[in-house]
């Protein structure tokens, strides 16, 4: 498989959540990937627990809210870049970049003090990308790829 050459900021999709063209900050210094969400609730069901949350995919239009529900994959203690540690819900979802998609684990957290709603860490990149930290938007966006 050919690796994608990506910049430090790209447009991604999270098709399982109905999110497309979301700016993502690529961070090779971060181990895990994170998504800023509000109103996180763990729902008990007979099957696997679910987590529900809200996200604002357009930072310029905070009235637009996408309500999401996903299976709770895990709960982990994550140390943030400022050194504090918190327990976070983890979901597993499809991540799309250009014409490629793969499964990633996403921690759900409050990133309201961050510029970008999503951070793509090393585990999410795996062996699928090379990063040019001096460039942005190297991958041509594929609108609403749902396959």
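Computed from the coordinates by the stated procedures, all read-outs in this text should not be read as laboratory data. Quick caveat, the model's predicted, so the values are computed rather than measured. When we count neighbours, we look across all protein chains shown, and the Cβ atoms used for this are built from the backbone with ideal geometry, even at glycine.
Points to keep in mind about this one:
- Rounded, prolate or oblate (a/c below 1.5 giving rounded, otherwise prolate when a/b exceeds b/c) for segment 7-137 by Cα gyration tensor: rounded
- Residue of 74, 27, 113 that the Gaussian network model of the chain assigns the largest fluctuation, springs spanning Cα pairs under 10 Å: 113
- Gaussian network model of the chain, springs between alpha carbon atoms under 10 Å - residue of 39, 110, 61 with greatest fluctuation: 61
- Arranged from fewest to most other beta-carbon atoms within 10 Å of their beta carbon, 2, 16, 58 become 2, 58, 16.
- The ranking of 120, 62, 138, 103 by Cβ neighbour count inside 10 Å, starting from the fewest, reads 62, 103, 138, 120.
- The alpha-carbon atoms of segment 64-147 define a convex hull whose volume equals 148 cubic angstrom per residue.
- Peptides 95-102, 123-130, 7-14, 45-52 ranked from most to least packed by the mean count of surrounding Cβ atoms within 10 Å: 7-14, 95-102, 123-130, 45-52.
- Euclidean distance of C-alpha centroids, segment 101-140 and segment 14-51, integer Å: 12
- Residue 39/residue 87 FRET efficiency (R0 22 Å; Cβ-Cβ; nearest 0.05): 0.85
- Here the label points at residue 114 and residue 132, each 7 Å from Cα along the C-beta direction, are separated by 2.4 nm in the simple model.
- Rounded FRET efficiency, nearest 0.05, which uses the C-beta distance separating residue 9 from residue 77 and R0 of 25 Å: 0.35
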